[in-house]
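One structure is given here, and the rest of the page talks about it.
A short reminder: the numbers here are calculations on the coordinates, not readings from a lab. Note that the structure is predicted; figures quoted are calculated from it, not measured. Here the Cβ is made from the backbone with ideal geometry for all residues, glycine too, and neighbour counts use every protein chain on show.
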Amino acid sequence: MPDIGGNLERVRERLARAAERAGRRPDDVLLIAVSKTVEVERIRAAVAAGITALGENRVQEAKSKIAELGRPAAWHLIGHLQSNKARDAVELFDLIHSLDRLELARELERRAGARGQVVEALLQVNVGGEASKGGVGPDAVGETLDAIGKLPHVRVRGLMTIPPEVERPEDARPWFRRLRELGERHGLRELSMGMSHDFEVAVEEGATMVRVGTAIFGPRPPGVPTAEA
């Protein structure tokens, strides 16, 4: 097993230095350990080392892990959510990062309303306008928020993005800055952005949540996508 405690300590140190460079407090940034494809033993080790939020990509994988582990930390859905999995998502997750379309918001409203609860979510923004990625375009954020605002059982707390792939972490800075500016424009404080390779730049640009997987849990098996790690 990787040295998860040591890895976590190093990630926290990097996060703290990035926050200090930006004149921010490290405690203002939630570190989400992305546990997709990670076995429960390593997840338990991360929780024992102090992780308070876990990020999963797939509803079914999360469902089995939650059944085994319970809720020693908050569970976040960071991967694409199909409408037909909305009911399970409402039951399982403390925060859904990937609210990427109005149709999904309406389905979450229906499922949450039936349970008498409010879904906490982030609106996913496709800052780079990439056809391969979900999310609303930057110019559509305002109208989408207005429409979701009419749904009493869906609460948008902030914005999330997966920026275009870049060679150097520094090259992602304009995309993170764009999300921060959108959040400021629409009065949304929470910003989920930054992964293992670029979370320090994201913190410098205002991230309040970073999604870090491989830097904590070690490399994933071959063939496993790392876009939200």
Margin query: Give the separation of the Cα centroids, the stretch 78-141 to the stretch 151-174, in Å.
Written below: 14 Å
Notebook entry, point to check: Count of lysine pairs in the chain with Cα atoms under 21 Å apart, counting only pairs 8 or more residues apart in sequence or on different chains?
Noted result: 7
Item checked: GluC sites (Glu not before Pro), loop per DSSP, at most 16 other Cβ atoms within 10 Å - longest free stretch of the chain -> 40-129
Note to self: Which one, THR208, THR37, THR161, has the greatest fluctuation when you compute a Gaussian network model over the chain with C-alpha springs under 10 angstrom?
What the structure shows: THR37
Item checked: Cα Rg, Dmax (largest Cα-Cα span) when computed across the stretch 101-196, Å -> 14.1, 46
Notebook entry, point to check: Can you tell which of THR52, GLY158, PRO169 lies farthest toward the positive end of the dipole of the stretch 4-216, using +1 and -1 charges on the Cβ of basic and acidic side chains (Lys, Arg; Asp, Glu)?
Noted result: THR52
Check: Between (1) 13.9; (2) 11.9; (3) 15.1, which matches mean projected area of the Cα convex hull in nm² calculated for the structure shown?
Finding: (2)
Check: To the nearest 20 debye, what charge dipole does the chain have about its Cα centre, counting +1 at the Cβ of each Lys and Arg and -1 at the Cβ of each Asp and Glu?
Finding: 460 debye
Checklist line | Dipole moment magnitude, nearest 20 debye, the stretch 61-143 about Cα centre, only Lys, Arg, Asp, Glu C-beta charged | finding: 300 debye
Notebook entry, point to check: Mean residue ellipticity at 222 nm from the helices of the chain, using -39,500 (n - 2.57) per DSSP H segment of n ≥ 4 over the full residue count, to the nearest 500 deg cm²/dmol?
Noted result: -11500 deg cm²/dmol
